[in-house]
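Colleague: Please read through the structure below; I'll follow up with questions.
The values are calculated or read from the model by the stated rules, or taken from the named source; none is laboratory data. These numbers were taken from a predicted model, which means no experiment stands behind them. Cβ sites come from the backbone with ideal geometry, for glycine too, and all protein chains shown count toward neighbours.
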Amino acid sequence: MSDGSPATNGSAASDGAVAIAVEGLNKTFGTRRGVPDVVAAEDVGFTVPYGRTLGIVGESGSGKSTVARCILGLTPVDSGRIEVLGRSITDAPAKALRSWRSEMQIVFQEPYESLDPRYRVWEAVAEPLLLHTDLRGSDLARRVHELLEQVALSPDLASRYPHELSGGQQQRVNIARALATSPRVLVLDEPTASLDVSVQEGVLRLLLRLQRELNLTYVLISHDLKAIRAVCERVAVMYLGRVVEIGPTDEVLSNPKHPYTEFLIGAELSVDPDVAPAASVVRGEVSSAERPAGCVFTGRCPLVTSACHEAQPALVEATPDHTAACILVEPESATSRSPDAG
């Protein structure tokens with residue numbers, strides 16, 4: 001990708017001011033009688049400075065989308081603390097959350113399903129403006145035109161319906177809708193997963209450009225390590241609701257410290273016939289209904305020992321600013337360190 005390196009944006013990012021702070025987040029979903037509850041998030045914590053991007057990666061069922069919804073106040077938490085733009089999300093009344101929503105937006109995975117098939121493009125983009133601003137008439141039309149240009153869509157598409165657009169164009173419309181209220185935080189929930197490979201790169205380039213121009217803070221939820229590398233300064237790896245590794249993206253993906261991270265990287269490489277498969281093979285599939293004792297990864301880890309069943313390891317610093325939750329990690333210091341996306 002020609003401009004695919006994450007950039008430091010604005011003075012707020014450079015001085016480390018925090019846009020998103022998550023600490024001790026826990027969320028469990030109840031199930032029918034006789035079936036164990038699903039632990040979607042357990043003691044999750046990280047921070048994201050203004051103008052930066054944190055990627056959250058993991059297989060389906062890892063809890064990453066639940067964490068994203070909790071950040072936006074769309075899913076209530078059981079315990080823990082979430083602050084976005086200096087405001088507490090976890091104990092805010094519903095009315096306050098609604099008033100803040102214009103500053104915190106989400107872009108979902110399925111572009112077509114996110115758009116009302118009855119609305120033309122201009123109506124879809126105008127809808128959040130009608131709800132959250134006083135723009136009307138020519139001022140509204142001018143703003144819609146600006147938003148379409150901002151996401152590199154021709155104004156000629158404004159009269160089309162969603163089914164008349166390509167997948168990439170549909171997702172650009174969704175991004176324009178998210179930008180309509182001038183948000184400061186965007187949660188990107190698998191924004192390129194349903195797009196053709198040839199289209200994904202263009203959408204990622206667009207997101208990088210918008211971040212630079214608007215000083216946006218992103219949380220990118222993905223299972224695609226290529227997207228994580230392209231957009232994110234830092235990455236958190238989640239498994240069964242827990243962050244098992246977090247650190248600078250280049251460091252984590254080139255020097256992984258947790259066996260699960262190694263597995264994800266090996267799974268990505270295995271699609272290339274010219275690359276040898278990973279030496280360690282992970283057993284089975286992720287199952288949130290079968291939570292093991294001790295480390296959450298014991299049921300699949302190829303390096304498991306008897307000690308792994310005793311307790312869930314804390315995140316400890318393996319290298320500066322890079323932590324992992326594994327008893328095999330050699331910590332730089334005797335004390336564990338809170339995960340930090342700064």
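Colleague: Do we have residue 236 as in contact (Cβ under 8 Å) with a residue 12 or more places away in the chain and touching a Leu at 6+ places or on another chain (Cβ under 7 Å) here?
Modeller: yes
Colleague: Could you please find all residues in segment 178-199 being at pLDDT 95 or above, out of contact with any strand residue (DSSP E or B) (no Cβ under 7 Å at 6 or more places or on another chain) and buried (at least 22 other Cβ atoms within 10 Å of the Cβ)?
Modeller: Hit for segment 178-199 is 180, nothing else.
Colleague: Could you go through segment 317-328 and let me know if any residue there is at pLDDT 95 or above, out of contact with any Ser or Thr (no Cβ under 7 Å at 6 or more places or on another chain), within 30 Å of residue 31 (Cα to Cα) and buried (at least 19 other Cβ atoms within 10 Å of the Cβ).
Modeller: Yes, some residue in segment 317-328 is at pLDDT 95 or above, out of contact with any Ser or Thr (no Cβ under 7 Å at 6 or more places or on another chain), within 30 Å of residue 31 (Cα to Cα) and buried (at least 19 other Cβ atoms within 10 Å of the Cβ).
Colleague: Being free of Cβ contacts under 8 Å to residues at least 40 places away in the same chain and over 26 Å from residue 203 (Cβ atoms), is that true of even one residue in segment 100-112?
Modeller: Checking segment 100-112: at least one residue is free of Cβ contacts under 8 Å to residues at least 40 places away in the same chain and over 26 Å from residue 203 (Cβ atoms).
Colleague: Another question, then. For segment 144-155, check the following and say yes or no: at least one residue is assigned to a helix (DSSP H, G or I), over 19 Å from residue 214 (Cα atoms) and over 20 Å from the mean Cα position of the chain (by Cα).
Modeller: Yes: segment 144-155 contains one or more residues that are assigned to a helix (DSSP H, G or I), over 19 Å from residue 214 (Cα atoms) and over 20 Å from the mean Cα position of the chain (by Cα).
Colleague: A further question follows. Which residue pairs have Cβ atoms under 8 Å apart, sit 6 or more places apart or on different chains, and have a first residue in segment 309-324 that is without any contact (Cβ under 8 Å) to a residue 60 or more places away in the chain and closer than 16 Å to residue 255 by Cα and a second that is in a strand (DSSP E or B) and of a type outside the set (A, V, I, L, M, F, W, C)?
Modeller: These pairs meet every condition: 316/323; 317/323.
Colleague: Which condition does residue 250 not pass, out of (1) modelled with pLDDT under 95; (2) surrounded by fewer than 17 Cβ atoms within 10 Å (Cβ to Cβ), if it passes all the others?
Modeller: Only one criterion is unmet by residue 250, namely (1).
Colleague: Let me ask something else. Filter segment 294-308 for residues that are β-branched (Val, Ile, Thr) and in contact with a Pro (Cβ under 8 Å, 6 or more places away or on another chain) and give the result.
Modeller: Result: 298, single match.
Colleague: If you don't mind, there's one more thing I want to ask. Just the residues that are modelled with pLDDT under 95 and in contact with an Asp or Glu (Cβ under 7 Å, 6 or more places away or on another chain), please, taken from segment 108-154.
Modeller: Within segment 108-154, 108, 109 meet the criteria.
Yes or no, residue by residue, for (1) in contact (Cβ under 8 Å) with a residue 40 or more places away in the chain; (2) in contact with a Phe, Trp or Tyr (Cβ under 9 Å, 6 or more places away or on another chain); (3) not in a loop (DSSP other than H, G, I, E, B):
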residue: 163; (1), (2), (3): yes, yes, yes
residue: 170; (1), (2), (3): yes, yes, yes
residue: 177; (1), (2), (3): yes, no, yes
residue: 182; (1), (2), (3): yes, no, no
residue: 201; (1), (2), (3): yes, no, yes
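Colleague: Looking only at segment 128-143, count how many residues are over 29 Å from the mean Cα position of the chain (by Cα) and part of a helix (DSSP H, G or I).
Modeller: Within segment 128-143, the subset over 29 Å from the mean Cα position of the chain (by Cα) is 134-142.
Applying the additional criterion that residues be part of a helix (DSSP H, G or I) yields 137-142.
Total satisfying the criteria: 6.
Colleague: Return yes or no: is residue 144 touching a residue at least 40 places away in the same chain (Cβ under 8 Å), crowded, with 18+ Cβ neighbours inside 10 Å and on the phi < 0 side of the Ramachandran plot?
Modeller: So residue 144 fails the test.
Colleague: Would you pick out the residues in segment 39-65 that are surrounded by fewer than 24 Cβ atoms within 10 Å (Cβ to Cβ) and under 19 Å from residue 297 (Cα atoms)?
Modeller: The initial filter retains those residues of segment 39-65 that are surrounded by fewer than 24 Cβ atoms within 10 Å (Cβ to Cβ), namely 39, 42-43, 45-47, 50, 59-61, 65.
Matches in segment 39-65: 39, 42, 43, 45, 59, 60, 61.
Residues checked against (1) over 13 Å from residue 179 (Cα atoms); (2) surrounded by 19 or more Cβ atoms within 10 Å (Cβ to Cβ):
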position	(1), (2)
96	yes, no
104	no, yes
107	no, yes
118	yes, no
121	yes, yes
125	no, yes
128	no, yes
137	yes, no
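Colleague: Answer yes or no as to whether residue 109 is in contact with a Leu (Cβ under 7 Å, 6 or more places away or on another chain), within 21 Å of residue 208 (Cβ to Cβ) and not in a helix (DSSP H, G or I).
Modeller: No: the conditions fail for residue 109.
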